[in-house]
Amino acid sequence: MVTNWHAVAFNQVPHSENEIHGDKVARDFGFKGGLVPGVTVSAYLCHPAVLQWGAAWQARGLADVKVVSPLYDGEAFAIEILHASADSYSARLVRPDGTVSATATVSLAAAAAAPPQRRGDPVADRETPRMAATPANMQQLQANGCHAVRFRWSPEHEMHTYLQNQALLPEMLRVTDGDGQANMSFVLGCSNWILARNAYMNPWVHLATRSQNYGAIALHTDLLAEMHITDLFARKGHEFVDARVDLYGLADDVCYASIDLRAIYRLRGQ
């Protein structure tokens, strides 16, 4: 049975291009310091699934995660299981002061779903320009399509761990003395990075993902992400984007994951 879990938060990217993860800009927007990435918060909520279901989770796990308030580097946190069955659980991430930072519904599909197929979107390279993330430009990306982006899962990647003490990761996720399969911080992170490669945003805030796993990503796998924007809207002075991202093996077009991302691409007062 899935059980509660606790750990210490780790901000892997304090010097990210998205300066909301650094102390100065985060404080300018009213936060205590740089935010732990939303995809890392999401990985914490999926950690019990990896422990409980192992390879089955990598092959057909689903997660719906919403980040509702900040988590900071070095903070102790608890994952509290609110309800659990043989193939699902709901949980929340709680900070030391009792604040809920995120909630999740996580489950194991009875059978593997049919994965999407690659569209063949043009692939961005180092010379491909990015447009500024303005409402008009985001509408243009929604209408005309986005560039695909290449990634590589490797021990050198900044998201190779979601805990500072890597020995505390499940063995299947450890890159030095384990199986080295890609963790959810990296997998979900691909949805952030392709969005940021298509539109320059600084700062911006990850809010939620709904994800479906189709298979484990082995070390040194080259990947390609495709994205299309599904919705754009404004609320309380913030500009939001919803996007669907599909992650494929570069060599064989095998789909490893589909991710529905929601983010604030332009903060109120920016």
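Coordinate-derived values only; no laboratory data. Remember, it's a predicted structure, so these values are computed and weren't measured experimentally. A quick note on method: Cβ atoms are made from the backbone with ideal geometry, for glycine too, and the neighbour counts reach across all protein chains shown.
Taking the Cβ of PHE29 as the centre, find all other residues whose Cβ is under 13 Å away and add up their charges (Lys, Arg: +1; Asp, Glu: -1).
Overall, the nearby charge balance is +2.
How high is the FRET efficiency from ALA55 to LYS32, r the C-beta distance, R0 45 Å, rounded to 0.05?
According to the calculation, E is roughly 0.70.
Taking the DSSP beta bridges in the chain as the whole, what percent of them are antiparallel, to the nearest 5? Don't skip to the answer; put the middle values down first.
Details: 65 of 68 bridges.
Of those bridges, close to 95 percent are antiparallel.
Mind checking the dipole of the range 148-208: about its Cα centre, +1 per Lys or Arg Cβ, -1 per Asp or Glu Cβ, Debye to the nearest 20?
Numbers: 4 positive and 5 negative charges, 63 e Å.
Here the size comes out at about 300 debye.
On alpha-carbon atoms, Rg over Rh for the range 62-118 using Kirkwood Rh?
Working: Rg = 14.5 Å, Rh = 13.0 Å.
Result: Rg/Rh = 1.11.
Where does the chain land at 222 nm, in deg cm²/dmol rounded to the nearest 500, when only DSSP H runs of n ≥ 4 count, each adding -39500 (n - 2.57), divided by all residues?
Result for the chain: -6000 deg cm²/dmol, rounded to the nearest 500.
Please compute P(r) over all alpha-carbon pairs of the range 26-87, binned at 5 Å starting from zero, and give each bin as a whole-number percent.
4, 14, 24, 21, 15, 10, 6, 4, 1
Who wins for biggest fluctuation among SER90, SER69, SER107 in a Gaussian network model of the chain, springs between alpha carbons below 10 Å?
SER69
Subtract the Cα-Cα distance of ASP260 and GLU171 from 0.36 nm times their separation in residues, and report this length gain in nm to one decimal.
Working: separation 89, 0.36 × 89 = 32.04 nm, distance 2.76 nm.
Going from the current span to full extension adds 29.3 nm.
Using only the Cα atoms of the range 157-268, what are the Rg and Dmax in Å?
Rg then Dmax for the range 157-268, in Å: 15.3, 47.
Per 0.36 nm of contour for each residue apart, how much would the distance between ARG268 and ALA218 grow if the chain were fully extended, relative to their Cα-Cα spacing?
Result for the pair: 14.0 nm of gain on full extension.
Hull surface divided by four, with the convex hull built on the Cα atoms of the range 208-270: how many nm²?
Mean shadow area of the hull around the Cα atoms is 5.2 nm².
Over the range 126-178, one equal point on each Cα, no solvent: what is log10 I(q)/I(0) by the Debye formula at q = 0.13, 0.16 Å⁻¹?
Summing over Cα pairs of the range 126-178 leads to -0.58, -0.67.
Give me the extension gain from GLN139 to GLN164: residue separation times 0.36 nm, minus the current Cα-Cα distance, reported in nm with one decimal.
Roughly 5.1 nm would be gained on extension.
Taking the alpha-carbon centroid of each part, what is the distance from the range 35-111 to the range 121-159 in angstrom?
27 Å
No solvent, one uniform scatterer per C-alpha: report log10 I(q)/I(0) for the range 52-209 via the Debye equation at q = 0.08 1/Å, two decimals.
These q points yield log10 I(q)/I(0) values of -0.31.
With r defined as the distance between the Cβ atoms of ASP179 and THR128 and R0 fixed at 35 Å, what FRET efficiency is calculated, to the nearest 0.05?
Efficiency computed from Cβ-Cβ geometry: 0.55.
By the scheme Lys and Arg +1, Asp and Glu -1, what is the net charge of all other residues having a beta-carbon under 13 Å from that of SER69?
Details: positive: LYS32, LYS66, ARG92, ARG95; negative: GLU75, ASP97.
Here the charged neighbours net out to +2.
Just the Cα atoms of the chain: what Rg and Dmax do they give in Å?
When restricted to the Cα atoms of the chain, Rg and Dmax are 17.6, 50 Å.
Need one number: nm distance between label points at GLU80 and ARG152, each 7 Å from Cα along Cα→Cβ, rounded to one decimal.
Once both label points are built, they end up 4.4 nm from each other.
If r is the Cβ-Cβ distance from GLN117 to VAL8 and R0 is 30 Å, what FRET efficiency results, to the nearest 0.05?
0.15
Tell me the net charge near HIS15. Cut-off is 13 Å between Cβ atoms, HIS15 excluded, with +1 for each Lys or Arg and -1 for each Asp or Glu.
Residues near HIS15 contribute -4 overall.
Might you report the magnitude of the Cβ-based charge dipole of the range 154-270 about its Cα centre, with Lys and Arg at +1 and Asp and Glu at -1, to the nearest 20 debye? Walk me through the numbers before you get to the answer.
Working: 9 positive and 14 negative charges, 163 e Å.
The dipole of the range 154-270 has a size of about 780 debye.
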